[in-house]
Amino acid sequence: MEKTFLSLLFLASLLCCTTNQAVLLTVSPSRSQHFIEDSLTLSCEEDGGSATWIVWRNTTAGVVSQCGIKWGRQHGSTCKNSMALRSDSGLYWCESRGRAPSDSIQLNVT
């Protein structure tokens, strides 16, 4: 129960405010619905910036982690997940030290 509440609180903090973001998370292929074993590339694109951005996720199971730690491979501001699993479904976003995070996107893997 407490874990669920904390996950919901975290999600609410990500979704509470709509602001102009300095960074945009894009996914390739460009869709929100993916299939098991798809290869996904998530890129943090900053307009005119030089910061390195890390891709983060909060899975539907409530596990929050960054790319390169137990999933995907981070290279610069891009994360490559070479084989999607159902457990990869969840919210994804970009973060960089001292910067506002990107808007999050929902990815579903079936």
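What follows is calculated from the coordinates using simple rules that are stated; it is not laboratory data. Since the model is a prediction, treat every value here as computed from it, not as a measurement. As a convention, Cβ positions derive from the backbone with ideal geometry for all residues, glycine included, and neighbour counts pool all protein chains shown.
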Worksheet, complete the sentence: Expected vector for the range 41-51, Karplus 3J(HN,Hα) from phi with 6.51, -1.76, 1.60 and θ = phi - 60°, integer Hz, x for Gly and Pro, equals 10, 10, 10, 9, 10, 10, 6, x, x, 10, 5
Worksheet entry | Using θ = phi - 60° and Karplus 6.51 cos²θ - 1.76 cosθ + 1.60, couplings along the range 93-105 (whole Hz; Gly, Pro as x) | 7, 10, 9, 9, 3, x, 10, 5, x, 6, 5, 8, 10
Item to complete: Output the peptides 33-40, 81-88 sorted from most to least packed, where packing is the average of other Cβ atoms within 10 Å over each peptide's residues.
Response: 81-88, 33-40
Worksheet, complete the sentence: If R0 = 25 Å, then ALA51 and SER82, at their Cβ-Cβ distance, give a FRET efficiency to the nearest 0.05 of 0.50
Item to complete: Report the trypsin sites (Lys or Arg not before Pro) located in the range 27-79 that are in a DSSP loop and have at most 15 other Cβ atoms inside 10 Å of their Cβ, or state none.
Response: ARG31, LYS70
Worksheet, complete the sentence: Length gained, LYS70-SER28, 0.36 nm per residue minus C-alpha separation, equals 13.1 nm
